[in-house]
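For reference, the structure discussed in these notes is given below.
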């Protein structure tokens, strides 16, 4: 019987040497998990890795971890999946594993073509409503940090990691504690994934927007495309992402049950990567630890509102990621190497449904987001071309003044920045909570409030402004039979991994409903 062991070693120590010394009977091993603990590095404490490892002795074999998938055959009506982001693709992938082909409909283009449109937008301001940072093959996750971190507990998390490895992710993706693919690598993986789906008799329609869900007596019968074409099915998986505002309005008209949801808005904060590495790693900065990460949170004792970091991108870039020509949104991204000269993160403040925006209108949260995005665009147009992102140094933001000198501020964003008083763009409760939290963050990370730090705004699309209600067991809409709300846009996930897992869960529910299959 194989032996499983856990141990901790200094970050410079060789794992294989440790194992050979302490377990001389070992003939082979495999890493089950690996986690870096760099707490205290700024005080001189040596960073350490904790490993969980399975050891093989003579005459033993590792137990196979590959899943077996009985081939169940197609459904009577091929399921329609709207959206080729992580939720939609992993739903299609899990169904295909069991021999069930689906139709995936994506409003944008293939990843490589989509990148051309996005580059034109970042560099020249040429905006494409159907191919941008949120729409197109891979969804918003294609232009993110490629982080696969998740706090959800699900048996399908490992499946998602293993499948990423199957399609070309580094093998350690399956076991390290904070797997990271980077935007450059995840684009290649998504391309291989969709090619695999096609090889399993799935169909993927690109540059095709679904405008309507077709129903009869609150029962889904298919979809209608922007061309007027109708495609019929009794199973429609809604995986449109958190920025498909037209779909939210259509669902409201259709009477699909939804409720307002809390979310968060704020800014991207950008520091020189070298500074964050020094703050976090101290004398170990620059050694073989990679770009440093941080996670910050603070709850105001009076308002009970939280301010926290989100989607931290070490060695990354700040990107313009809006979905409308008259609105500006920012997000963060990094490539696999995380070798940009800057590190950034969202710093966002909680926005409460029915308190910070009206409870009388279902989509008031969407209006709240859009009003901030449009204010940012107007600020950019009034001072520049409308392409540049509103920005202010951290010291200016904290002092409430704007230095209108001609100094050239360095930044990672390819869109460029325009100096703007961010208090003009963001609601006052957001800026006040940011100011208070930043003081606390600087107490935890000495030097965080720096002359070299830059705030870029606005970060508004942290999550969906509504939850599309569904049955917890069947995953089906609580109001419309055959409609399966899925992923971030439905308010049931947040991030690449949790969205992918949600897609898998919907697929398994469909297999149970249509084929009577249960694992």
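The single condition among (1) modelled with pLDDT of 95 or more; (2) on the phi < 0 side of the Ramachandran plot that residue 113 does not satisfy is (1).
Would it be correct to say that residue 492 is crowded, with 16+ Cβ neighbours inside 10 Å, outside any helix (DSSP H, G or I) and without any contact (Cβ under 8 Å) to a residue 40 or more places away in the chain? In short, yes. The residue pairs whose first member lies in the stretch 234-246 and is farther than 17 Å from residue 494 by Cβ and outside the structural domain of residue 138 (by TED's automatic domain parsing), whose second member is crowded, with 24+ Cβ neighbours inside 10 Å and modelled with pLDDT of 95 or more, and whose beta carbons are closer than 9 Å, counting only pairs six or more residues apart or on different chains, do not exist in this structure.
Residue 93 fulfils the conditions (1) under 21 Å from residue 157 (Cβ atoms); (2) part of a loop (DSSP other than H, G, I, E, B); (3) assigned by TED's automatic domain parsing to the domain that holds residue 192 except for a single criterion, (2).
Checked across the stretch 426-433, the condition of being farther than 23 Å from residue 309 by Cβ and either surrounded by 17 or more Cβ atoms within 10 Å (Cβ to Cβ) or assigned by TED's automatic domain parsing to the domain that holds residue 324 (or both) holds for no residue. Could you run through the stretch 118-139 and say how many residues are part of a helix (DSSP H, G or I) and either under 19 Å from the mean Cα position of the chain (by Cα) or within 18 Å of residue 332 (Cβ to Cβ) (or both)? Of the residues in that region, 5 qualify. Residues in the stretch 234-265 that are at positive phi and either part of a strand (DSSP E or B) or buried (at least 17 other Cβ atoms within 10 Å of the Cβ) (or both): 1 in all. Could you please let me know if residue 103 is within 21 Å of residue 173 (Cβ to Cβ) and in contact (Cβ under 8 Å) with a residue 40 or more places away in the chain? No, not satisfied. The stretch 270-374 holds strands (runs of 3 or more DSSP E) entirely within its bounds, and those carrying 3 or more residues that are touching a helix residue (DSSP H, G or I) at 6+ places or on another chain (Cβ under 8 Å) and surrounded by 21 or more Cβ atoms within 10 Å (Cβ to Cβ) map to 342-351.
Note on the stretch 11-53: residues that are more than 31 Å from the chain's Cα centre (by Cα), assigned to a strand (DSSP E or B) and either in the same structural domain as residue 442 (by TED's automatic domain parsing) or closer than 24 Å to residue 289 by Cβ (or both) total 1.
Residues of the stretch 209-233 that are assigned to a loop (DSSP other than H, G, I, E, B) and surrounded by fewer than 17 Cβ atoms within 10 Å (Cβ to Cβ): 217, 218, 226, 227, 228, 229. Modelled with pLDDT of 95 or more, buried (at least 20 other Cβ atoms within 10 Å of the Cβ), within 25 Å of the chain's Cα centre (by Cα) and not assigned by TED's automatic domain parsing to the domain that holds residue 292: does that describe residue 197? Taking the combined requirement at face value, the residue satisfies it.
In the condition set (1) under 24 Å from residue 329 (Cα atoms); (2) part of a helix (DSSP H, G or I); (3) at pLDDT below 95; (4) in contact with a helix residue (DSSP H, G or I) (Cβ under 7 Å, 6 or more places away or on another chain), residue 189 is compliant with all but (1).
For the stretch 171-186, which positions are out of contact with any helix residue (DSSP H, G or I) (no Cβ under 6 Å at 6 or more places or on another chain), surrounded by 15 or more Cβ atoms within 10 Å (Cβ to Cβ) and in a loop (DSSP other than H, G, I, E, B)? Of everything in the stretch 171-186, those that are out of contact with any helix residue (DSSP H, G or I) (no Cβ under 6 Å at 6 or more places or on another chain), surrounded by 15 or more Cβ atoms within 10 Å (Cβ to Cβ) and in a loop (DSSP other than H, G, I, E, B) turn out to be 175, 181.
In contact (Cβ under 8 Å) with a residue 24 or more places away in the chain and under 26 Å from residue 292 (Cβ atoms) - does that describe any residue in the stretch 373-391? The answer is yes, given that some residue of the stretch 373-391 is in contact (Cβ under 8 Å) with a residue 24 or more places away in the chain and under 26 Å from residue 292 (Cβ atoms). Going through the stretch 399-416 one residue at a time, which ones are part of a helix (DSSP H, G or I) and either under 29 Å from the mean Cα position of the chain (by Cα) or over 22 Å from residue 431 (Cβ atoms) (or both)? Selection gives nothing. Comparison of 253, 190 shows that the only residue that is more than 26 Å from the chain's Cα centre (by Cα) and more than 30 Å from residue 435 (Cβ to Cβ) is 253.
The values are calculated or read from the model by the stated rules, or taken from the named source; none is laboratory data. What you see is a predicted model, and the numbers here were worked out from it, not measured in a lab. Note that we place each Cβ from the backbone using ideal geometry, even for glycine, and neighbour counts take in every protein chain shown.
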